[in-house]
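K.L.:
Here it is, the structure in full.
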Amino acid sequence: MIISEIKTSYPYIRYKVKVIHYTDRKSTAIEWVILEAIDKCDTLKAYAGMSIASFFEHIFTISDANLLIRPCLINLYDLGVIRIPEKIYDETDLSLVQMSNLELTEEGKKMQSLGCLPANKSDDIFTVYYDPVSKTLIEAPGQSRIKNATGIEVINTDEIENIEFPSSTILAWLGSVQNDKQKDQLDWLSPTTKIEDINLLESDIFWKNTVKKIELTKGRRWRVRDEESEAIHELSLECADLPCPEEMRDKLGINDPDNEIEKLIPVSDAKTFIANRQRKDDLFCVDEKYYKEIQAVKPQKQNKLRVGFVFGADSFDVSSEEMQLIIHIPDKIGSNVIYRNAETVVRAGTITVCAGNTEKDMALVYIPKEKPSDLSEELLRYIDKYYEQDSSILFALVELGLKERFSEYLERLLEKEDSPDKKAEIIERLNQKCVDYYNKDLMTSAHKEQLIGGEKQKQKKEEKSIEQVL
């Protein structure tokens with residue numbers, strides 16, 4: 001489940017590199033003939049004792065071996081494809097050197113079979129970008145690169161400066177792209193290029209600042225989306241400023257957010273969210289810390305009384321204004337519940353999240369997936385507990401769909417009073433409230449007299465009459 005987001009700063013290093021290399025070339029005709037002759041003389045011993053000059057002048061009818069063959073032999077020796085015990089120089093007379101003195105090196109044998117020769121060494125300069133987190137080379141980041149980190153640094157700058165130049169990684173990468181015809185920057189690199197060495201010329205550190213989602217997974221595990229490194233998960237948790245207001249310190253029993261939470265509400269928006277729900281709902285329960293006294297709002301339906309139960313109050317109290325009845329109750333609304341109506345519960349509290357070896361408490365405000373209990377049944381016990389202190393709470397029964405219980409509680413109130421005047425006073429007070437709330441009398445004068453007089457049979461008729469009125 002996505003719970004928030006963070007800005008992370010990922011470093012990459014730009015390396016300016018000098019490469020020393022050579023690329024194989026096709027042998028010339030005379031070079032191929034010389035290498036082939038040396039190879040054959042190694043097995044045809046009759047020719048091995050001939051001088052180099054005699055061999056090429058008599059067999060290949062070359063007029064002057066010193067002019068044509070000697071420069072080639074010197075070049076082949078410099079390329080490392082032939083061995084000569086006594087090196088041949090520009091002044092060496094080939095009539096004094098036997099063919100048996102010439103020998104192909106292992107590289108020479110390989111080159112001869114391919115019809116190629118190594119070219120002279122050259123050097124080029126190119127630029128690569130290195131990701132020290134994944135330890136891989138990356139494409140040039142373009143416009144996204146900046147010199148300063150503005151988010152959580154996934155690697156400390158001091159650590160980056162001590163990173164060893166990744167020469168082996170660069171060499172491996174060059175080998176992997178040799179056959180890529182799209183490598184515009186490396187036009188010197190061909191499938192036959194041999195790289196002798198690479199050297200670092202200069203390096204720069206850049207940063208890529210990225211906003212990433214934070215997920216809360218099963219077991220309350222803190223995760224940065226699309227990240228595999230546990231170290232980055234842990235670092236982001238260590239750096240996160242998690243809200244944990246004092247009024248939300250009670251622990252929540254959440255373990256699997258995706259299966260337990262229907263909707264998350266930002267902690268900073270909790271009071272605003274509840275105030276907006278409070279304005280819209282005709283029947284609601286709210287924790288006193290989140291209750292907002294608002295101007296009486298006309299109920300959604302006609303002849304409807306808005307009823308609000310405010311839990312966690314200092315004392316019991318019932319107040320009314322126009323078509324709004326607010327009941328303050330000292331009891332708690334429920335475990336971690338801060339708001340509810342007939343369909344929805346809003347809970348708030350604290351959970352402990354973890355990443356690596358790091359644990360932190362954070363507050364959550366959420367609507368659970370679990371279906372809430374029946375609100376009428378929940379509130380009935382509070383009405384039963386407090387109706388003797390203020391009988392106007394009985395009008396909440398009407399809005400709870402329990403108006404048949406109204407007469408039952410009224411009868412209980414009257415049974416507790418012996419004095420007809422006291423009974424009359426109770427009935428009159430409820431009658432007046434009914435006029436205020438619903439613009440009609442709860443009962444007629446005759447009905448009132450019947451209740452005060454205690455005539456049982458008539459009283460039963462009256463019970464139906466009250467239900468009909470309400």
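K.L.:
If neighbour count is taken as other Cβ atoms inside 10 Å, put 3, 84 in order from fewest to most.
P.N.:
With the sparsest Cβ surroundings first, the list reads 84, 3.
K.L.:
Taking the Cα centre of the stretch 28-114 as origin, work out the dipole magnitude from +1 charges on Lys and Arg Cβ and -1 charges on Asp and Glu Cβ, in debye rounded to 20.
P.N.:
240 debye
K.L.:
Quick one, which of [x] 31.6; [y] 23.2; [z] 27.5 is the actual Kirkwood radius over Cα pairs in Å calculated for this model?
P.N.:
This structure yields the entry labelled [x].
K.L.:
Which links in 18/208; 251/360; 369/403; 292/403; 7/213 stretch past 19 Å when you go from one Cα to the other?
P.N.:
18/208; 369/403; 292/403
K.L.:
I've got another one for you. Of the options 308, 239, 353, report the single residue whose Cα projects farthest towards the positive end of the charge dipole of the chain (beta-carbon charges: Lys, Arg +1; Asp, Glu -1).
P.N.:
Positive-end residue among those listed: 308.
K.L.:
Next up: Using Cα positions and a limit of under 16 Å, work out the aspartates and glutamates in reach of residue 263, with same-chain residues fewer than 8 apart set aside.
P.N.:
Here the aspartates and glutamates satisfying the reach criterion relative to residue 263 are 215, 343, 370.
K.L.:
Sorted from fewest to most neighbouring beta carbons within 10 Å, what does the list 449, 293 look like?
P.N.:
Least crowded to most crowded, the residues run 293, 449.
K.L.:
Less than 20 Å apart at the alpha-carbon level, and either on another chain or at least 8 residues along: which aspartates and glutamates does that give for residue 110?
P.N.:
The reachable aspartates and glutamates, counting only those whose Cα sits under 20 Å from residue 110, are 24, 31, 36, 39, 42, 78, 196.
K.L.:
While we're here: Which aspartates and glutamates have a Cα lying under 15 Å from the Cα of residue 440, excluding residues fewer than 8 positions away in the same chain?
P.N.:
Partners found: 322, 428, 467.
K.L.:
Give the shape of the stretch 28-114 as rounded, prolate or oblate, defined through the alpha-carbon gyration tensor: a ≥ b ≥ c are the square roots of its eigenvalues, a/c under 1.5 means rounded, and otherwise the shape is prolate if a/b is larger than b/c and oblate if not.
P.N.:
rounded
K.L.:
Using only Cα atoms, locate the centre of the stretch 240-280 and the centre of the stretch 57-84, then give the distance between them in Å, rounded to an integer.
P.N.:
Using only Cα atoms to place each centre, the spacing works out to 88 Å.
Rule-based calculations on the coordinates, nothing more; no lab input. Worth saying up front: this structure is predicted, and the values here are computed from it rather than measured. For neighbour counting, all protein chains shown are included, and Cβ atoms are generated from backbone atoms with ideal geometry for every residue, glycine included.
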